[in-house]
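This report refers to the structure that appears directly beneath it.
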Amino acid sequence: MSTTPSSFSDSKVKAFFRPLDYVVFTAMLVISAFIGMYYAYKGVHKCHKDYVMGGRQLTSLPVALSLTASFMSAVTVLGTPAEVYRFGAKFGLFAFSYVLMVVITAEVFLPIYYRLGITSAYEYLELRYNRFLRLTGTTMFMILTILYTGIVIYTPSLALNQVTGFELWGSVIATGLVCTFYCTLGGLKAVVWTDVFQFILMIAGFLTVIIRTMIIKGGLKTILKDAHQGGRLSLWDFNPSPMQRHTFWTLIIGGTFTWLGIYGVNQSQIQRYLACKTIVHAKLSLYFNLVGLWIVISSAVLSGLSMYSIYKDCDPLTMGFVKQPDQLMPYLVLDILGQFPGIPGLFVAGTYSGTLSTVSSSINALAAVTVEDIVKPRFRTLTDAQLSAISMGMNILFGGVCLIMAGLASLMGGLLQAALSIFGIVGGPLLGIFSLGILFPFGNAKGAFSGLICGFAVGMWVGIGSHFYRPPIHRTLPLALSTAGCEKINFTTTTQFTTLPTPTPTRSHIHDNWYSMSYLYFSMLGTLFTVIVGIIVSLSTGGLNQEVDRRLLYGKEELMANYVYLKSKFGAPAEKIHPTEEEGPE
């Protein structure tokens, strides 16, 4: 079989998607729906605590896989291999930022949330500041989640439709309906266990591509050799400039802030590890999740290198065989696996598994914060059964809202960078007000609100500016690609992607610098502005004179918690720090 795409016309490529592929995809949807039906049969909808938080009896391993699956989604399946193909394996340095993110989340944020026994992460903001900031945080989370979910539903569907002929709106609607179905019926337990199933499918899709490429190219050594010769293995760029898109510093420092905005203060992730039956299981879920993140990013990076090895002499993007980078991965699958019935369907199922896991997490979290932050405080007489019914109704409502948002997502541009930019612009200020409250005893509501406004304004300024004034090529550094090996085309090109505009004389200093800031620093910028302004305003408005409940602050007890636990477990008996170590919060 030819390993260059030039032998395929558009229609011929689409013809590779066979009935068996649709059967595999449909089987994935049916199994996901069945899991929701199973937990509905188990009666989770009868108790609000069971429905929203899994009864706070979940264990670490399934929660870890759920955290990984819902975080990675189709953004990783399609976006990361294309990123590595175009810009090199430098993206894999995120593995180090994952370590920092998990340690900070597990040792700083999680103990405080867990001992408070909260369901909504934004309940902390009311306990620490006031109700207005709680509603503000909830609103920002809802806007962020709905925007991101629209990208996650629509963009993979569009990419797969344009390359495989897979029905666009049929897949969008099917994804939304199935997610809404099993979220509504099975609650958090259904979401977690479908995530486990979907994580396995995502990894299977990656491994299929990697193994097939190794067979075609004669082993992993050849793939790595091609990647090295093509400059794809150049990792260690220590350029300190914040304007450079990907360097060691932007990926480690900027990446840590970006992921903390997801794991540390985002309800979609927090709700899972707070559903664990003990704080030990909650922490282990995060550390096991770290292993899952490493597996996924390693698989995605190696898939990108495999793609380069196949297309190093005939770039499908330059030749116009695909129109967007997000279409490269499905194009590769049909090229090298199209002759095997059902295998392309497995990859599509894996891609949509990522979509399902993220969308179901989003719908479930949106419903939870709506009930906990808006409904329960206003209607305190509602019974447990009524709260469960309202939660089910909210799942249906937000499933519909996310489907509507999917219709607008085509305006967001590239899948990977757009998703991370949104998290940075909105997640950074949220991370800032949580950090101010947890780390600074003198932080008060006036300081938090002032910092939030400033952090969000700065994030919006640079984020929107960078969307309209794209960074020049010398900031993004896409690597050279060739078309020398394409059949029927006798020329070689190392020109960069035309989708990235070159600098023009009319661009001002602010365009080439401020708006060229790496998108990975958006979250850090929002966080730092929020915290710094929050500190200044808090100190100026009597923050030193307030009394704060010790349970809301990070201190030496959290710092020593692991040591005390291990000592009590394996050494002399020690007094427990957290009353919830053996039992979940009430």
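The values are calculated or read from the model by the stated rules, or taken from the named source; none is laboratory data. What you see is a predicted model; the values in this text were computed from it and never measured. Cβ sites come from the backbone with ideal geometry, for glycine too, and all protein chains shown count toward neighbours.
Tabulated results
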read-out: Output for the stretch 209-236, where each listed residue is within 25 Å of the chain's Cα centre (by Cα) and farther than 14 Å from V301 by Cα; value: W236
read-out: Cβ pairs under 7 Å, 6+ apart, first in the stretch 258-283 and among the acidic types (D, E) and crowded, with 24+ Cβ neighbours inside 10 Å, second part of a helix (DSSP H, G or I) and modelled with pLDDT under 90; value: none
read-out: Residue ranges of helices (runs of 4 or more DSSP H) in the stretch 217-277 with at least 3 members over 24 Å from G526 (Cβ atoms); value: 220-229
read-out: V375 vs. criteria in contact (Cβ under 8 Å) with a residue 24 or more places away in the chain, among the hydrophobic types (A, V, I, L, M, F, W, C) and part of a helix (DSSP H, G or I); value: no
read-out: Some residue of the stretch 39-60 being outside any helix (DSSP H, G or I), of a type outside the set (S, T, N, Q) and at pLDDT 75 or above; value: yes
read-out: Evaluation of F321 against (1) surrounded by 20 or more Cβ atoms within 10 Å (Cβ to Cβ); (2) in contact (Cβ under 8 Å) with a residue 40 or more places away in the chain; (3) part of a helix (DSSP H, G or I) (one fails), failing number; value: (3)
read-out: Qualifying position, being surrounded by 15 or more Cβ atoms within 10 Å (Cβ to Cβ), modelled with pLDDT under 85, assigned by TED's automatic domain parsing to the domain that holds Y521 and in a helix (DSSP H, G or I), among F423, F434, F456, F449; value: F423
read-out: Residues of the stretch 319-362 satisfying the condition of being of a type in the set (F, W, Y) and touching a Ser or Thr at 6+ places or on another chain (Cβ under 7 Å); value: F347, Y352
read-out: Selected residue (criterion: farthest from F398 (Cα to Cα)) from residues of the stretch 146-168 that are at pLDDT 70 or above and of a type in the set (F, W, Y); value: Y154
read-out: Options A64, A33, A106, A95: the member that is assigned to a helix (DSSP H, G or I), out of contact with any Asp or Glu (no Cβ under 6 Å at 6 or more places or on another chain) and over 21 Å from Y273 (Cα atoms); value: A33
